[in-house]
Amino acid sequence: MLPMVKLLAVDDTPSSLELLSESLRQEGLAIFTSTDPEEGLELVYREHPQVVLLDLVMPKMGGLQMLERIVEFDPAIDVILMTAHYTTETAVEAIQKGACDYLNKPVSIPALRTRVAKLVAEARQRQRAPGCHQPSSSRRKLTRFVASCSRAYGALLRTIVRRSLLGRREPEKISSRRRCIA
């Protein structure tokens with residue numbers, strides 16, 4: 001049996017949530033939805049999803065604000081921002097704040113399925129790793145530390161943590177130039 005992975009979708013348009021739920025439904029994936037960003041954050045805190053899909057423009061709280069709060073809570077949560085109001089500046093800001101992707105609406109369902117399937121597979125691998133299925137005291141400490149770092153440094157640490165949880169090692173690139181350290 002596949003380990004259960006949780007996905008949360010937050011969008012102020014109910015028809016978008018219905019489309020996302022129907023399109024992404026698969027065995028071993030629990031999908032939660034909310035049309036209210038504050039309720040969405042409560043679901044993040046209560047359900048601890050591994051993947052979150054966020055609309056960028058919502059009343060009460062925008063997707064970027066919600067992204068910041070999610071990353072502060074747990075930087076290991078993969079967040080994808082979606083918007084019909086694309087700007088390069090907002091895309092860059094979203095990635096700098098910790099989003100793993102930024103998609104234009106209307107979202108290509110096949111592309112979204114592929115992206116979510118990859119994130120779900122990575123989440124399952126992290127769940128299978130010893131001690132990674134439950135947030136341990138040291139993981140919570142690491143999470144707090146990463147959240148307190150600058151966003152750029154935090155993004156680097158998240159990548160390192162993910163790779164270590166997945167047991168991946170990237171081959172070291174050896175420079176052909178020698179560097180002198182004074």
C-alpha center-to-center spacing [the range 1-57, the range 81-116] in angstrom: 15
Quick check: pseudo-label points 7 Å beyond the Cα along Cα→Cβ at GLU39 and GLN125, how many nm apart are they? 3.5
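Values in this text are rule-based calculations from the coordinates and carry no lab data. None of these values were measured; they are calculated from a predicted model. We place every Cβ from the backbone using ideal geometry, glycine too, and count neighbours over all the protein chains shown.
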